[in-house]
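Structure first, then comments.
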Amino acid sequence: GRSLILYSAIGPGDGSIQEVQTALLTNGQGIQDSSFVLGREMGRMVKMLVVDFELTRVLIAGGDTSGYVTRELGGYALECIDVLVPGCPLCRMFSHEEVLDGLELVLKGGQVGEEDFFGRVLQGNRQP
């Protein structure tokens, strides 16, 4: 009956962004690698959270991030089952892992959705 939010930064002014960029440069990577590195790690965390807490729906915000997180989840197909707002489908993931098979995913690009978007996803409500 509760919701879980996993995030990498609270807005563009979050100090953790600079910390991640510094860590990337220290490890011989470029700042442009941040989406890949964060997306992959977030994907691993999301998978663990889905399994441990038996989550049935996950919203992934950020276009590049959505792609990397989805790859880490390891499904082999997505089926669009509804559209909550234009450009933002509610999908069902198909996976060979039973616990992930049927997981509902919402993949949200950067500029999609109004202020109440996360609540709509939680409730399963479409945009009026």
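The values are calculated or read from the model by the stated rules, or taken from the named source; none is laboratory data. Keep in mind that what you see is a predicted model, and the values were worked out from it rather than measured. Quick reminder, even Gly has a Cβ in these numbers, built from the backbone with ideal geometry, and neighbours come from all protein chains shown. For accessibility, only protein heavy atoms count, side chains too; no ligands or nucleic acids. Shrake-Rupley method; radii C 1.70, N 1.55, O 1.52, S 1.80 Å.
What number in nm² do you get for the chain if you take the convex hull of its Cα atoms and divide its surface by four?
8.6
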Packing rank of 62-70, 111-119, 35-43, where each peptide gets the mean count of other beta carbons within 10 Å, highest leading: 62-70, 35-43, 111-119
Solvent-accessible area per residue for the chain (1.4 angstrom probe, square angstrom): 65
Highest-fluctuation residue, D33, D14, D101 considered, GNM on the chain with Cα pairs under 10 Å: D14
Relative contact order for the chain, counting Cα pairs under 8 Å that sit 6 or more residues apart, in percent: 20
